[in-house]
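The values are calculated or read from the model by the stated rules, or taken from the named source; none is laboratory data. Treat the numbers as computed from the prediction; the structure is a model and nothing was measured. Cβ sites come from the backbone with ideal geometry, for glycine too, and all protein chains shown count toward neighbours.
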Amino acid sequence: MKTAVPNSVSRYGGSLQSLYESNVAGTVASICTTCHRNGGIASFAQPPAQLLFTGDTEVDRQRLIFFVAQNGSERVLSKVQGINHGGGIVLAPDTAEFTLLAQFLELLEPVTPQQTFQRLLEAVQSVRGR
């Protein structure tokens, strides 16, 4: 199943799938699936976790995309920081893993006119060397 790739993906150097595989999948596999999988502690929480992973990179990517489409990226970023998360803090905001996850999740959000303007401004400033 192909995912539509937002134009902003190119600024991170690849397709949405390759960005997930190189920047996010390892974190999901090593941290998130410990609890967020069938039979994991998050599946028995009350209420049960809404995001469960399988260990299959493609399926997990699709599940994360669907979850963000339904709940927004801020929900994921809050949870990994321990906000209303039964597993506590799993990624601190000052870590590379958090930054890579945030960049990936940003690409899943709808683009607003303000974001388009901001990205255009950043591109112009980059070209001008500012």
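Quick check, is Thr99 over 16 Å from the mean Cα position of the chain (by Cα), among the β-branched types (Val, Ile, Thr) and part of a helix (DSSP H, G or I)?
Judged against the criteria, Thr99 is not a match.
I'm trying to understand the selection: among the residues of segment 4-37, which are part of a loop (DSSP other than H, G, I, E, B) and modelled with pLDDT under 95?
If the condition is that a residue be part of a loop (DSSP other than H, G, I, E, B) and modelled with pLDDT under 95, then Ala4, Val5, Pro6, Gly13, Gly14, Ser15 are the ones that fit.
Within segment 84-125, track down each residue that is surrounded by 13 or more Cβ atoms within 10 Å (Cβ to Cβ), modelled with pLDDT under 85 and either basic (Lys, Arg) or over 18 Å from Ser15 (Cα atoms) (or both).
Answer for segment 84-125, where residues must be surrounded by 13 or more Cβ atoms within 10 Å (Cβ to Cβ), modelled with pLDDT under 85 and either basic (Lys, Arg) or over 18 Å from Ser15 (Cα atoms) (or both): Gln115, Arg119.
Among the residues of segment 56-83, write down those that are closer than 16 Å to Ala29 by Cβ and exposed (fewer than 13 other Cβ atoms within 10 Å of the Cβ).
Asp56, Val59
Are any of the residues in segment 108-124 under 16 Å from the mean Cα position of the chain (by Cα) and over 28 Å from Ala42 (Cα atoms)?
yes
Please indicate, with yes or no, whether at least one residue in segment 34-45 is surrounded by fewer than 19 Cβ atoms within 10 Å (Cβ to Cβ), closer than 19 Å to Ala92 by Cα and not acidic (Asp, Glu).
Looking for residues that are surrounded by fewer than 19 Cβ atoms within 10 Å (Cβ to Cβ), closer than 19 Å to Ala92 by Cα and not acidic (Asp, Glu), one finds at least one in segment 34-45, hence yes.
Report, ordered by the first and then the second residue, all pairs with beta carbons closer than 7 Å, sequence separation of six or more or different chains, a first member in segment 27-50 that is closer than 24 Å to Gln103 by Cβ, and a second member that is surrounded by 12 or more Cβ atoms within 10 Å (Cβ to Cβ) and of a type in the set (S, T, N, Q).
From residues that are closer than 24 Å to Gln103 by Cβ, the pairs are Ala49/Ser43.
Just name the residue that is farthest from Leu107 (Cα to Cα) out of those in segment 46-55 that are buried (at least 16 other Cβ atoms within 10 Å of the Cβ) and not aromatic (Phe, Trp, Tyr).
Ala49
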